[in-house]
Amino acid sequence: MALAPVDVCIVGSGAGGAPMALQLGRAGFKVVVLEKGAHYRKEDFVHDEILNSRRNFFMPLPWDEPHLVRYSANDKYRRTNTAWTANCVGGGTVHMSGYFYRLKPIDFRMRSELGAVPGANVADWPIRYEELAPFYDLAEEELGVSGAVVPHPFAEPRKKPYPLPPLDEHPISKELDIACRKLRYHPLPTARGIISQAYRGRAACAYCALCGSYGCEVDAKSGTNSSVIPAAIATGNVEIRPRSMAQSVEVDSQGKAKSVVYLDANGVAQEQPAKVIVVSCTAVESARLLLNSTSSRFPKGLANNNGLVGKNLVFSSFGESRATFRIAKRRESWPWLSDRAPFVQRSLQDFYVMPDNRHGFRKGGTLGFMWTHPNPIFAAVRIAGSGKAAVFGKELKDRLREYRDSKILQFETYGEFLPTPGTQVTVDSSVKDKYGIPVAAITVERHPIDFKMTKFLVERGEEVLKAMEPDKLERLSTEGETTILQHGTCRFGNDPSTSVLDKNCRAHEVSNLYVVDGSFMPSSGGVPTTLTIAANSFRVADSLVRSMKRGN
Amino acid sequence: MPRARQKANRFSRRVFIQRLAFFGGGVVLIGPACKRDSALETQSKSSPDAALTTSPHRTLSSVEYTIVAAACDRIIPRDEDPGAVDANVPEYIDRMLQTPEMRKIKNEFVPGISALNRRSTRMFSKGFAEITDAQRDDVLSIFKDSPAGSGEARFFELLIVFTMEGLLGDPSYGGNKDRVGWALVGFDTSEPPPQYDGMKHLHLHGAR
């Protein structure tokens, strides 16, 4: 039997789902948010690497709830936990690092300004930066962002300062600035979704250094679990229903979405009817939910009569290098090196867009500089090496002691990830998760330009690190992808034959169905996209609230 | 075929990164598991009381525990700084193998212990716990250098990962005694509250 109907049922409580819940609740609509994971409180977040980073506190085990992944349509799928983000209230925003960049105007007009790319399905967005900008302001205010606006040749336009002043930096940041300027690059401070001062009842950052892959025990990190969700609950109109695994979105005889069928905390199937259904479970999992929601009206999956749900999957191009500075050697020249300050907060966007095709690509991305993550098990397993190159015994112990005497500065790249015809999400009905639901199958077929571009970014980053004269410089990757940043599987656009959603993220084929995670984005942009997903969700909520008030 | 080779390398790098990011990740289903050691099975089936119920340990028999301790001791030996045994790493491994999340890993790891012992017996006519440190290093090196995907290589990889977890994890899991592991690598970020029990916390929320 179906539960009592509500105005809006939202599936997912992360960067996309939470802002919708807040704005709809504020407008007086009754909202239920279904979240597959637990509702952790800040007391549940402790500095335990095994719990947070190495077991299933956040991410499911690959044999319980696999994502099938292959790197070519000719390969066999492998069962992995790739492309999961945290399964809990707040989703990926709970264990994010909180690098909060905005996109730039060029990201919305890549096709018309930079032209078509052979082998890539590049499209303009149906909105411009200017339409999203006010909602970037709003998202920054609601979530809480710390940063400094500095004049910068590559800066995107913005009207307001950040709501909070920048976090304290390590002294190395000044050295990094000197190195960048020597090379005529333009270092800029990285804004963070971490509050530098008490803000809206939340405590300021305690500088514990464990942001990424941890939940924040003082609510200083601006995950939706710490900011938007409590505000949504406070409206009195929003119910968060944790441990509720959505199975399908059902449609009525007219082809409108009518309810979400989900398994509750006891594994019992429930049906939640709603006037409007909002899907926001990450680009991979939202595609999976729609593809699993088959009916006579939508035999290939909900809103998928044009066959585009799950296509055009884009991650973020990843490259990484590390510079080691030995503490003992620099005791006199850099006495501050062993300072515990966790934040470096520097980025380079000099290669976000290239003026010509001389290096084989036009659209690049961002270099973000940071200390390596302090997780000691993660570091030690890497130090031990693998396969024949692995070491043990005295050699391993000496390397661990060397690590103790080291500060390791790294950069990672957030590069454009070109959409290719092969990179997509499907469902594999022969492989089911522990709930008995067919799992997502991900095929990644990278565009060669991505690798060229990432290598270029990595080489520029290494120039900067080299200028700081490190004791060791190590290149880790030029061909990676950051799968926690995922987009594109329900691309938005004005043409229903080439997109799944309209410009307000409403499905072309289903008039009361919205998708508000990264799925809508035709391109990844050259930055981490959490803030953009939140801003867009505020934008979509704005139009949805107005349309619901009109009674549509 | 330089192109094909490059592709294969790229894939293996990806797999490697994945396994670093989450112990127990995709790799579990990529590498074939160690072959079940029929001798061990027979032994535990024919004399379950003697082999297992008298063991003071949670997962491992006394023999297996001794072998694991001897192996961990060679991964991180004691020198001027404490070693894996000082940190109670064998205790950590024994406890961790009990957890439901590690069920699949346990089925790969435990047979590897007797494989290690068999190799030692074949090479030196003595069990792994009875041979010298140098001989233990020889046996471990053979496992380490075994072809990728073999049971031996997989066991060595798990041994490294478990030893690092036991050395550098939260002390409430049974290892990192007196925080000797953290002292070794210079990790001193603030810790969980004094009464914290990681194992309990993991399973408080782990059952979904």
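The values are calculated or read from the model by the stated rules, or taken from the named source; none is laboratory data. Predicted model only: the values in this text are computed from it and were never measured. Note: ideal-geometry Cβ built from the backbone for every residue, glycine included; neighbour counts use all protein chains shown. For accessibility, only protein heavy atoms count, side chains too; no ligands or nucleic acids. Shrake-Rupley method; radii C 1.70, N 1.55, O 1.52, S 1.80 Å.
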**OP:** Answer with yes or no whether A:Glu43 is open to solvent by less than 10 Å² (accessible area, probe 1.4 Å), in contact with an Asp or Glu (Cβ under 8 Å, 6 or more places away or on another chain) and either part of a strand (DSSP E or B) or more than 8 Å from chain B (Cβ to nearest Cβ) (or both).
**Re:** no
**OP:** Tell me, yes or no, whether the stretch A:65-78 has at least one residue that is farther than 30 Å from A:Asn237 by Cα, within 14 Å of chain B (Cβ to nearest Cβ), open to solvent by less than 10 Å² (accessible area, probe 1.4 Å) and among the charged types (D, E, K, R).
**Re:** yes
**OP:** For the stretch B:85-103, name all the residues that are aliphatic (A, V, I, L, M), more than 10 Å from every other protein chain (Cβ to nearest Cβ) and open to solvent by less than 40 Å² (accessible area, probe 1.4 Å).
**Re:** B:Ala87, B:Val89, B:Ile93, B:Leu97
Original post:
Among the residues of the stretch B:158-180, how many are more than 7 Å from chain A (Cβ to nearest Cβ) and not aromatic (Phe, Trp, Tyr)?
Top reply: 14
Original post:
Taking the stretch A:150-197, which residues are under 12 Å from A:Ser347 (Cα atoms) and of a type in the set (Ser, Thr, Tyr)?
Top reply: A:Ser173, A:Tyr185, A:Thr190
Original post:
In the stretch B:125-138, which residues are touching a residue at least 12 places away in the same chain (Cβ under 8 Å) and over 15 Å from B:Ala69 (Cβ atoms)?
Top reply: B:Gln135, B:Asp137, B:Asp138
Original post:
What are the residues in the stretch A:192-216 that are part of a loop (DSSP other than H, G, I, E, B), buried (at least 21 other Cβ atoms within 10 Å of the Cβ) and of a type outside the set (Gly, Ala, Ser), if any?
Top reply: A:Ile195, A:Cys205, A:Leu210, A:Cys211, A:Tyr214, A:Cys216
**OP:** Count, please, the residues in the stretch A:254-268 that happen to be open to solvent by 50 Å² or more (accessible area, probe 1.4 Å) and charged (D, E, K, R).
**Re:** 2
**OP:** Can you tell me which residue among A:Lys452, A:Lys466 is touching a Phe, Trp or Tyr at 6+ places or on another chain (Cβ under 9 Å), open to solvent by 40 Å² or more (accessible area, probe 1.4 Å) and part of a helix (DSSP H, G or I)?
**Re:** A:Lys452
Original post:
When you scan the stretch A:407-436, how many residues do you find that are open to solvent by 20 Å² or more (accessible area, probe 1.4 Å) and of a type in the set (Gly, Ala, Ser)?
Top reply: 3
**OP:** Can you confirm whether the stretch B:167-187 contains a residue that is touching a Cys at 6+ places or on another chain (Cβ under 8 Å) and either closer than 21 Å to A:Glu402 by Cβ or touching a residue at least 40 places away in the same chain (Cβ under 8 Å) (or both)?
**Re:** no
**OP:** Tell me, please, whether a residue that is more than 8 Å from chain A (Cβ to nearest Cβ), out of contact with any Lys or Arg (no Cβ under 9 Å at 6 or more places or on another chain) and more than 29 Å from B:Ser114 (Cβ to Cβ) can be found in the stretch B:184-196.
**Re:** yes
Original post:
Among the residues of the stretch A:308-318, is any within 30 Å of A:Ser497 (Cα to Cα), aromatic (Phe, Trp, Tyr) and in contact with a strand residue (DSSP E or B) (Cβ under 7 Å, 6 or more places away or on another chain)?
Top reply: yes
Subject >> Odd one out for A:Met59, checked against (1) farther than 15 Å from A:Ile484 by Cα; (2) at the interface with another protein chain (Cβ under 10 Å from one of its Cβ atoms); (3) in a loop (DSSP other than H, G, I, E, B); (4) open to solvent by 30 Å² or more (accessible area, probe 1.4 Å) >> reply: (1)
**OP:** Please verify whether the stretch A:490-501 includes one or more residues that are at pLDDT 95 or above, part of a strand (DSSP E or B) and open to solvent by 30 Å² or more (accessible area, probe 1.4 Å).
**Re:** no
**OP:** Any residue in the stretch A:376-405 that's over 24 Å from B:Pro171 (Cβ atoms) and part of a helix (DSSP H, G or I): show its pairings with residues that are basic (Lys, Arg) and open to solvent by less than 30 Å² (accessible area, probe 1.4 Å) at Cβ separation under 6 Å, as long as the two are six or more apart or on different chains.
**Re:** none
Subject >> Condition met for A:Leu51 (assigned to a strand (DSSP E or B) and closer than 30 Å to B:Gln98 by Cβ) >> reply: no
Subject >> Neighbours by Cβ (under 6 Å, 6+ apart or cross-chain): first from the stretch A:115-144, acidic (Asp, Glu); second open to solvent by 50 Å² or more (accessible area, probe 1.4 Å) >> reply: A:Asp124/A:Arg109; A:Asp124/A:Arg111; A:Asp124/A:Ser112; A:Asp137/A:Lys160
**OP:** Only one of these is assigned to a loop (DSSP other than H, G, I, E, B), within 30 Å of A:Lys455 (Cα to Cα) and in contact with a helix residue (DSSP H, G or I) (Cβ under 9 Å, 6 or more places away or on another chain): A:Gly319, A:Gly301, A:Gly310. Name it.
**Re:** A:Gly310
Original post:
Got a number for residues in the stretch A:324-354 being part of a strand (DSSP E or B) and either without any contact (Cβ under 8 Å) to a residue 60 or more places away in the chain or under 26 Å from the mean Cα position of the chain (by Cα) (or both)?
Top reply: 4
**OP:** For the stretch A:507-533, enumerate the residues that are of a type in the set (S, T, N, Q) and over 20 Å from A:Gly365 (Cβ atoms).
**Re:** A:Ser511, A:Asn512, A:Ser519
Original post:
Quick one: A:Val94 ticks every box in (1) under 20 Å from the mean Cα position of the chain (by Cα); (2) closer than 30 Å to A:Thr366 by Cβ; (3) open to solvent by 10 Å² or more (accessible area, probe 1.4 Å) bar one, so which box is it?
Top reply: (3)
Subject >> Single match in B:Ser125, B:Ser150, B:Ser172 (criterion: on the phi < 0 side of the Ramachandran plot, surrounded by fewer than 24 Cβ atoms within 10 Å (Cβ to Cβ) and at pLDDT 95 or above) >> reply: B:Ser172
**OP:** Quickly run through the stretch A:45-60 and pick out the residues that are in contact (Cβ under 8 Å) with a residue 60 or more places away in the chain and acidic (Asp, Glu).
**Re:** A:Glu49
**OP:** Mind listing whichever residues of the stretch A:102-160 are among the hydroxyl-bearing types (Ser, Thr, Tyr), surrounded by fewer than 21 Cβ atoms within 10 Å (Cβ to Cβ) and touching a helix residue (DSSP H, G or I) at 6+ places or on another chain (Cβ under 8 Å)?
**Re:** A:Tyr129
Original post:
Which members of the stretch A:176-191 meet the condition of being assigned to a helix (DSSP H, G or I) and either surrounded by 19 or more Cβ atoms within 10 Å (Cβ to Cβ) or not charged (D, E, K, R) (or both)?
Top reply: A:Leu176, A:Ile178, A:Ala179, A:Cys180
Subject >> Residue identified as touching a Lys or Arg at 6+ places or on another chain (Cβ under 7 Å), among the charged types (D, E, K, R), in a strand (DSSP E or B) and under 25 Å from A:Thr82 (Cα atoms) among A:Glu481, A:Glu474 >> reply: A:Glu474
